[in-house]
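Chemist: Quick one: this structure, given as structure tokens, is what I'll be asking you about.
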Amino acid sequence: MKTIFIAQDEVRDLLPMADCIDAVRRALTALGRDDAIQPLRPIMWLPEKVGALGMMPGYVGSIDTMGIKTVTVFPGNAGTDLDSHQGTVMLFDATNGRLKAVIDATEITAIRTAAVSAVATDVLARTDSSVLTILGAGVQGRSHASAIPLVRPITEVRVWSRTTASAERLAASLPDVTSVAVFDSVEDAVAGADIICTTSASAEPILRGDLLEPGMHINAVGSSVPFARELDSNAMARSRLFVDRRESTINESGDFLMARADGVIDADHIVAEIGELLNADHPGRESDDEITLFKSLGLAVEDIGAADLVYRNAIDAGRGVAIEFGGTRHD
């Protein structure tokens with residue numbers, strides 16, 4: 001059997017957002033019923049933390065596939081021709097260990113991260129949520145602006161970025177059927193919003209707790225390391241906290257760890273994992289007035305679920321490059 005190599009531009013074609021939402025929903029459902037293996041990811045930081053290499057292994061039983069995402073994170077790439085997240089997702093057959101596919105991780109990360117937020121939004125946001133605020137106008141800002149309207153009837157999108165030009169570019173790229181506006185301040189952008197997605201690269205809080213209003217849902221996406229956060233401690237304390245994985249949150253999330261260090265929350269502040277909601281083990285939102293928060297860190301099982309979809313679509317469409325890569329026994 002040959003190994004298929006799938007490049008970035010092909011991933012974009014083979015991973016429609018709506019289908020990716022379904023794929024990561026299935027992966028998180030499997031995780032929630034213990035039909036998956038999800039270790040903590042080791043991260044190797046370069047000196048001065050200018051960049052990192054993350055290694056994210058996992059296994060999803062429902063598709064009998066194991067895999068690993070190796071991803072580099074270089075925030076300094078902002079404004080250059082290179083994405084801040086680059087790497088590969090490798091898929092292996094869980095029956096015999098054969099390497100099935102090597103797939104570009106840049107596009108998978110961009111699409112599946114927003115798809116996971118859409119799943120969380122679908123199980124946590126009020127059903128009548130129509131005003132979406134995006135804080136941060138980079139790759140994830142664009143992906144979230146595409147994903148969230150697939151699960152809620154969004155009629156208005158608000159965009160804020162530290163760089164007004166970036167916010168204007170994102171706003172100009174959104175469909176004309178949606179009312180889109182660029183805001184100069186976070187305060188104005190979130191006032192009256194139903195759903196807020198923080199997708200910035202900020203190491204300091206951009207969303208304060210005093211700005212939150214009853215009934216809001218927040219997807220906190222931009223920070224996935226212990227030393228950076230997008231929400232201040234008051235915002236964490238005021239929200240009912242849902243996560244992709246408890247173990248990851250208490251070890252990796254700066255939003256959680258810094259609020260805990262400030263003494264306003266502890267591990268019991270985590271209400272449930274999204275997989276528990278998908279398996280009906282927890283009701284999720286319990287009233288229209290409560291503020292719900294999904295803290296996204298990104299899990300290997302999400303990448304594996306998305307990559308498996310890319311792989312199967314590539315097989316069906318005859319896409320990718322098939323190579324005899326190795327693994328055959330030689331006596």
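The values are calculated or read from the model by the stated rules, or taken from the named source; none is laboratory data. Keep in mind that what you see is a predicted model, and the values were worked out from it rather than measured. Note: ideal-geometry Cβ built from the backbone for every residue, glycine included; neighbour counts use all protein chains shown.
Chemist: Among the residues of the range 273-331, how many are in a loop (DSSP other than H, G, I, E, B) and farther than 30 Å from Val190 by Cα?
Modeler: Residues of the range 273-331 in a loop (DSSP other than H, G, I, E, B): 279-291, 296-299, 318-320, 324-331.
Keeping just the survivors that are farther than 30 Å from Val190 by Cα gives 279-281, 318-320, 324-331.
Qualifying residue count, the range 273-331: 14.
Chemist: Quick check: is even one residue across the range 247-269 under 21 Å from Thr106 (Cα atoms) and not in a helix (DSSP H, G or I)?
Modeler: Scanning the range 247-269, I find no residue that is under 21 Å from Thr106 (Cα atoms) and not in a helix (DSSP H, G or I), so the answer is no.
Chemist: Go through the residues of the range 134-144 one by one and say whether even a single one is touching a helix residue (DSSP H, G or I) at 6+ places or on another chain (Cβ under 9 Å) and at positive phi.
Modeler: Yes: one or more hits.
Chemist: Could you list, in sequence order, all residues of the range 132-166 that are surrounded by fewer than 21 Cβ atoms within 10 Å (Cβ to Cβ), under 19 Å from the mean Cα position of the chain (by Cα) and polar (S, T, N, Q)?
Modeler: Selection gives Ser146 alone.
Chemist: Return the residue satisfying two criteria in turn: it lies in the range 1-18 and is buried (at least 16 other Cβ atoms within 10 Å of the Cβ) and of a type in the set (D, E, K, R), and of such residues it is farthest from the chain's Cα centre (by Cα).
Modeler: Glu10
Chemist: Right, here's the next one. Could you list all residues from the range 26-56 that are of a type in the set (Gly, Ala, Ser) and under 18 Å from Arg112 (Cβ atoms)?
Modeler: Ala27, Ala30, Gly32, Ala36, Gly54 - these are the residues of the range 26-56 that are of a type in the set (Gly, Ala, Ser) and under 18 Å from Arg112 (Cβ atoms).
Chemist: While we're here: Would you point out which residue out of Glu290, Glu302, Glu230 is crowded, with 16+ Cβ neighbours inside 10 Å and either of a type in the set (A, V, I, L, M) or under 15 Å from Val116 (Cβ atoms) (or both)?
Modeler: Glu302
Chemist: Can we say Asp184 is out of contact with any helix residue (DSSP H, G or I) (no Cβ under 8 Å at 6 or more places or on another chain), outside the structural domain of Asn77 (by TED's automatic domain parsing) and over 27 Å from Ile108 (Cβ atoms)?
Modeler: No, not satisfied.
Chemist: Report, by residue number, each residue of the range 222-244 that is out of contact with any strand residue (DSSP E or B) (no Cβ under 6 Å at 6 or more places or on another chain) and in a loop (DSSP other than H, G, I, E, B).
Modeler: Residues satisfying the conditions are Ser223, Ser224, Val225, Pro226, Phe227, Ala228, Arg229, Asp232, Asp244.
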